[in-house]
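Beneath this line is the structure, given in structure tokens, with notes to follow.
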Amino acid sequence: MNTIDDLRAALAADAATVAHDEHPARAAGVQGRIRTRRRRRQAGLAAAAAAVAAVVGFGVLPALDDGPAPNDELEVAGHVVPREVRILDFPYRFETSAESEPGEGHVELDLPASGAARAVTVAVDDLPPGSTAALRLDGVLLARVVGPSRLDDPFPIGDDGTLTLTVTGGSGDTRVGLATYERTADLAPGLADTSGTVVFRDRVAGKPRLGAVFARPGAAEASFTVTGRLTDIDVARHCDSNGAPGVYFVMSIDDGATESGRCRDVDDEDPAGGGYVSSGGTESGRHEVRIWTTDRLYGEEVVAFPGTVLGAAAYGSSAGTVVRGAEVPEVIERDGRLWQLEDAVGRRHRLDDLDGPRVLGMVPGPDGAWLEIREDLGPVRTSDGLAGGAGAHAINDVVWPGRSYELSLVDVDGDPAAGAILVYRPMQG
Amino acid sequence: MTAERGSRVSDRADFDEFVGSRSQALLRTAYLLTRDHALAEDLLQTALSKAWFSWSRIESRPEPYVRKILVNTYASWWRRRWNGERPSHDLPDSPVRDDATATAAERHDLAAAIGRLPKRQRAVVVLRYFEDLSEAETAATLGCSTGTVKSQLSKALGKLRIDPALAEERNEQTGELR
């Protein structure tokens, strides 16, 4: 059972279990389905039948149905939505959409598990000042949008659940809707492994890829060289054990082990998007980045594990902004978006009249801090605490328009703490 | 109007002939995708009914188009109906096999392992090694690039290599899927 011939034989043997005679009811069954589909088309409901999602009580725009996709434009709540979008350079294809009738103010969309990543975009039209449309997945707030008319950027969501979009304070003309997208099988531009399942993107958080490598199938190590000052280079790695137990990786730069850990059976197509590390060195010149599999943490012996996918990449590390002695990034990736540092303020800050979401972070003082977020119409949130120290900073929380927020840094007792609050806004385009 | 009606009647005759002559072969593909006889019949009938609405455009060479609908419908139906499908982690004890039954049992194991592949990888394997489509034809059927076909195939073969049911057999043999 070891060759492609065996595979062909197994498929043929399995297919041979299908009866040789045509199912007696097949022709009638096909004609019955044709009649049903024709009725649906005539009723203008063909798309509803084909859509993956079941929509409760609201109109559904055409989803991809049988045959080639038409080229006509898709419209949701008065906005033309694209059939294809890219999120951090990964392609997504339109899946389905739903919109409310004018003044209705509520849309619900049930997304069955698909096995593929999904994204959603929200469209609002004629949303009066002070009104909001809140998007939730299984009751958890994903986004809040303000008007008067906006097509929000798409962002990734889980692969199943019930999406609800609810208007607060709308008018009789207000229309809202949403469109969902599903990841295609293609990857973002970059260096992909030979099986095409994982990629080191060309750019991550605005940083260019300087070098990358994937081990050849069957090989247990790989390396590449990169030129520059180590302080300006971040490295990322990928090790997918494909289910094999006891597989570890070690990544080194110039003979110094930078990182080691257990390889897992992961389905991470974007390893650099999950973060990267720096070597801690400062040397300039030509550097060798090497990664190998082994059988223990920081093991020096190269051990091969068939089926393991192994790779590493280096990205340029542009200088950040120095805030209270810590270098914080100017650009970050979060929730499928790029965000740019908008403000680095003191230990207290107020956000009013936001035009879009913001990501919040902090640089704690020497004694550490928590970021407390008081929402005018909601609960008080407190982020995870962060101990103070050289270069320490954290970027954790998202806030949405349609509310005012009082931000402050506090200590473990809730008393004022030293530090600086960071505010990031979505980058345009 | 008369000519149009006549054309429609002719289309229907051609379509019925296609269903009669080719649907059993397509059913085998549907079965390899679904590994369930009833669902395979359901999938086939749905694909054929969808194809009817494009028949006038595809009647000169309908089979690739119908196969494309079949595979793509399988993918979307998997999401809607069959997502309860779960591979079995509790593999049955291996029976003691005599030579006469060993080959059949091994093929069954391999077929079952194919059934545990993700749907897209399973579709690529079926199209390449059962339908004998080229990489380009497989890509056209799935609506993706040939590079994606190669990568999905590579990933599928990689998963088959480490499938527990097949690994047990390889303990007694040498070599691997190439």
In this structure, is B:ARG86 at pLDDT below 85, crowded, with 20+ Cβ neighbours inside 10 Å and out of contact with any helix residue (DSSP H, G or I) (no Cβ under 8 Å at 6 or more places or on another chain)? no
Out of (1) at pLDDT 85 or above; (2) assigned to a helix (DSSP H, G or I), the odd one out for B:ASP132 is which? (2)
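Yes/no matrix, rows are residues, columns are (1) buried (at least 21 other Cβ atoms within 10 Å of the Cβ); (2) within 14 Å of chain B (Cβ to nearest Cβ); (3) in contact (Cβ under 8 Å) with a residue 24 or more places away in the chain; (4) not β-branched (Val, Ile, Thr):
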position: A:LEU310; (1), (2), (3), (4): yes, yes, yes, yes
position: A:ALA314; (1), (2), (3), (4): yes, no, yes, yes
position: A:SER318; (1), (2), (3), (4): no, no, yes, yes
position: A:ASP335; (1), (2), (3), (4): no, no, yes, yes
position: A:GLN340; (1), (2), (3), (4): no, no, yes, yes
position: A:ARG348; (1), (2), (3), (4): no, no, yes, yes
position: A:LEU377; (1), (2), (3), (4): no, no, yes, yes
So, A:GLY158, is that one surrounded by fewer than 21 Cβ atoms within 10 Å (Cβ to Cβ) and on the phi > 0 side of the Ramachandran plot or not? no
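So is B:ARG107 basic (Lys, Arg), touching a helix residue (DSSP H, G or I) at 6+ places or on another chain (Cβ under 6 Å) and modelled with pLDDT under 80 or not?
yes
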With respect to the numbered conditions (1) surrounded by fewer than 21 Cβ atoms within 10 Å (Cβ to Cβ); (2) farther than 30 Å from A:ARG201 by Cβ; (3) of a type outside the set (Phe, Trp, Tyr), which one is the sole condition not fulfilled by A:ALA133? (1)
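Need a quick list: strands (runs of 3 or more DSSP E) entirely within region A:321-429 having at least 2 residues that are within 26 Å of the chain's Cα centre (by Cα).
A:326-328, A:331-334, A:337-345, A:358-364, A:370-375, A:380-382, A:394-399, A:419-426
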What residue, among those in region A:102-130 that are under 23 Å from B:PRO118 (Cα atoms) and part of a loop (DSSP other than H, G, I, E, B), is farthest from the other protein chains (Cβ to nearest Cβ)? A:ALA117
Within region A:137-149, which residues are surrounded by fewer than 17 Cβ atoms within 10 Å (Cβ to Cβ) and either assigned to a strand (DSSP E or B) or not assigned by TED's automatic domain parsing to the domain that holds A:ILE87 (or both)? A:VAL140, A:LEU141
Inspect all residues belonging to region A:215-224 and state whether any of them is surrounded by fewer than 20 Cβ atoms within 10 Å (Cβ to Cβ) and under 21 Å from B:PRO118 (Cβ atoms). yes
Which residues, taken from region A:191-202, are more than 27 Å from B:LEU160 (Cα to Cα) and over 15 Å from the mean Cα position of the chain (by Cα)? A:ASP202
I want to confirm something. Restricting to region B:40-55 and keeping residues that are surrounded by fewer than 19 Cβ atoms within 10 Å (Cβ to Cβ) and closer than 16 Å to A:GLY29 by Cα, which single residue is farthest from the other protein chains (Cβ to nearest Cβ)? B:ASP42
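The values are calculated or read from the model by the stated rules, or taken from the named source; none is laboratory data. It should be emphasised that the depicted structure is a prediction, and the values quoted were computed from it without experimental measurement. Cβ sites come from the backbone with ideal geometry, for glycine too, and all protein chains shown count toward neighbours.
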